[in-house]
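Student: Just passing along the structure, written as structure tokens.
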Amino acid sequence: MTQTIGGVEYMDAGEAAAMLGVKKATLYAYVSRGVLRSYKQGVGRRRLYRRAEVELLRSVHLSNDPPSAADGRVLRDVYLPDVESWASDH
């Protein structure tokens, strides 16, 4: 569910994962690896994701051309493996 807080659009984990075409576990792996940021909502464990950052990551994932963010950041040579290649039960 998309919501606007302070003029910034945020989405929950389900919506962010769907936009990226990945499982929630992969989304969480992206956050733990520093590929994407999450933002704490309230006192609980619920995390939100900025829509603009998810869209930027999606464009990197779908294109060979590195996009630039509004703040001037450019994501280059970003390889986004599935979570299965990062985690194991061992």
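Read-outs: derived from the displayed coordinates by stated rules, not from any lab. Fair warning: this is a prediction, and the values are worked out from it, not measured in the lab. Cβ placement follows ideal geometry from the backbone for every residue including glycine, while neighbour counts extend to all protein chains displayed.
Student: Would you be able to say whether some residue in region 7-16 is outside any helix (DSSP H, G or I), touching a residue at least 40 places away in the same chain (Cβ under 8 Å), exposed (fewer than 14 other Cβ atoms within 10 Å of the Cβ) and of a type outside the set (Lys, Arg)?
Tutor: yes
Student: Quick one: how many residues across region 17-27 are buried (at least 16 other Cβ atoms within 10 Å of the Cβ) and assigned to a helix (DSSP H, G or I)?
Tutor: 5
Student: Tell me, yes or no, whether region 28-37 has at least one residue that is in a loop (DSSP other than H, G, I, E, B), surrounded by 15 or more Cβ atoms within 10 Å (Cβ to Cβ) and over 9 Å from the mean Cα position of the chain (by Cα). Reasoning before the result, please.
Tutor: The initial filter retains those residues of region 28-37 that are in a loop (DSSP other than H, G, I, E, B), namely 33-37.
Subset that is surrounded by 15 or more Cβ atoms within 10 Å (Cβ to Cβ): 35-36.
Checking the rest, the ones that are also over 9 Å from the mean Cα position of the chain (by Cα) come to none.
No, the conditions are met nowhere in region 28-37.
Student: Do any residues in region 40-52 that are of a type in the set (A, V, I, L, M, F, W, C) have Cβ atoms under 7 Å from those of residues that are surrounded by 17 or more Cβ atoms within 10 Å (Cβ to Cβ) and outside any loop (DSSP other than H, G, I, E, B), where the two are at least six apart or on different chains, and which pairs are they?
Tutor: Filtered contacts from region 40-52: LEU48/TYR10; LEU48/MET11.
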